[in-house]
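Notes for the one structure printed next.
What follows is calculated from the coordinates using simple rules that are stated; it is not laboratory data. As the structure is a computational prediction, the values presented were derived from the model and not from experiment. Neighbour counts are summed over all protein chains in view; Cβ atoms, including those assigned to glycine, are modelled from backbone coordinates with ideal geometry.
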Amino acid sequence: MILVDGVPFPNPSPSPSASQIVGTDEATTCVGLVICNRKTGMTSVAHMDSPAVVDLGLTQMLSLVNDHVSAAELDVHLIGGYEDASHERPHGIVESEFRTESDGYSFPLCSKIVEALQRSKENFHIQTVCVLKHNTRRDSDANTYPIFTGFVVETSTGLVRPAIFDTSLRCPDEIVRRIRVTVSSADPTWRGKLLETYDTHTDQFQIAPCSWTPRWKYFALSLQQLSDPEILLRCSTSPYAEGPDFVDNERRLFDYLIQHPNWRETFPTAKPRVFERTTDGQWLRC
C-alpha cells in the first residue's frame with residue numbers, strides 16, 4: 001500500500017531536484033498501478049497489496065492526476081500479480097504446513113482493480129496489462145513465478161520499464177516505510193487507504209505518522225525466533241516466489257519493532273518525518 005504520487009512531465013529543462021523516475025518493486029501477488037494525465041503529464045504510481053485498498057486508493061490517485069478543469073485523458077499501466085493459486089510450497093516447508101486460498105491472492109486483487117476502473121467515469125486508456133497469466137513463468141516442475149516484480153516510469157516521457165531497485169535506491173526512511181506497510185491495516189487512520197509518501201509540489205518525502213501498539217514488539221520477538229523458511233511461510237503471500245533479501249528485510253523490520261515498541265519514538269508529537277533533497281541528490285531529514 002505504498003503511493004509515490006504526482007510527478008509532472010514532460011519537463012523540457014529538467015531541474016536537478018526533479019524526480020526523473022518513479023516506481024515500485026518487490027511485487028509478487030501485489031499489483032503496480034500507474035495513472036498518467038496525457039495533458040499535464042502528472043503521474044501517480046501505486047503498489048496495491050489488497051482489494052481492500054483499491055477503491056479509496058484509486059480515489060487518492062485520481063485526486064493527484066486530474067486537473068479538475070476538463071475531462072482528463074488518463075493512460076493506465078497494470079503490472080504485477082501472477083497465477084499464484086497452486087499447491088507449491090517453499091523449500092523446507094512440508095505439504096501439511098502450507099496452504100493457499102483457492103483463488104490465490106493475485107486474481108481477486110486484479111479483478112477488483114479492473115472493476116474499479118470500469119466503474120469510474122474517467123477517460124482511461126489502458127496501455128499495459130502485464131498481470132496474471134501474462135506475468136507468469138513456470139519452472140521445469142510447473143511451479144509458477146512472476147516474470148516482473150517491479151518497474152519504473154520515466155517522468156519525462158511516461159515510458160514504463162521493468163526494474164528491480166537496489167537497497168541504496170529505495171529513497172529515505174526505507175525501514176520506517178516498511179513498518180507502516182506492516183502495521184497500517186490496524187491503524188484506523190490508514191484503513192483502506194494507500195500510504196502516501198512523496199509530495200510533488202514541495203519535492204519532499206513526507207512520511208505521515210502511523211501508530212502501532214506495544215504488542216507488536218512481542219509479535220516481532222516471536223517471529224524473530226523462526227527459521228528462514230518459517231518466516232517466508234508466515235509473512236509472505238507467495239513464500240516460494242520472494243526475492244533473496246525478503247527474509248533479511250523482515251528481520252530488519254522485526255528488529256525495529258523490538259527496539260521501538262512505542263510508535264511515538266518514530267513519530268514524535270504525531271508529526272510526519274520529512275526529507276528534503278540536497279544539491280547532490282541525496283535526502284536529508286528536516
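Over all other residues within a Cβ to Cβ distance under 13 Å of residue 270, the charged ones net out to +1, with Lys and Arg as +1 and Asp and Glu as -1.
With the cut-off at 1.5 for a/c, could you classify the range 117-191 from its C-alpha gyration tensor as rounded, prolate or oblate? Rounded.
Net charge in the neighbourhood of residue 169 (other residues with Cβ under 13 Å of its Cβ; Lys, Arg +1, Asp, Glu -1) is -3. Averaging the sequence gap over all C-alpha pairs within less than 8 Å and six or more residues apart, then dividing by the number of residues, gives the chain a relative contact order of 23 percent. For the chain, the membrane-span-like helices by this rule, meaning whole DSSP H stretches whose C-alpha atoms cover at least 15 Å of axis and whose Kyte-Doolittle mean is 1.0 or above, are 54-65; this says nothing about an actual membrane. The value given for the range 124-261 is a Kirkwood hydrodynamic radius of 17.7 Å, derived from the mean inverse Cα-Cα separation.
With all pairs of separate Cα atoms included, the chain yields a Kirkwood hydrodynamic radius of 19.9 Å. Each residue in 61, 48 was given a count of other beta-carbon atoms within 10 angstrom of its own, and listing them fewest first yields 61, 48. By the rule of a C-alpha distance below 30 Å, with chain neighbours fewer than 8 residues away ignored, the lysines paired with residue 133 are 112, 121, 193.
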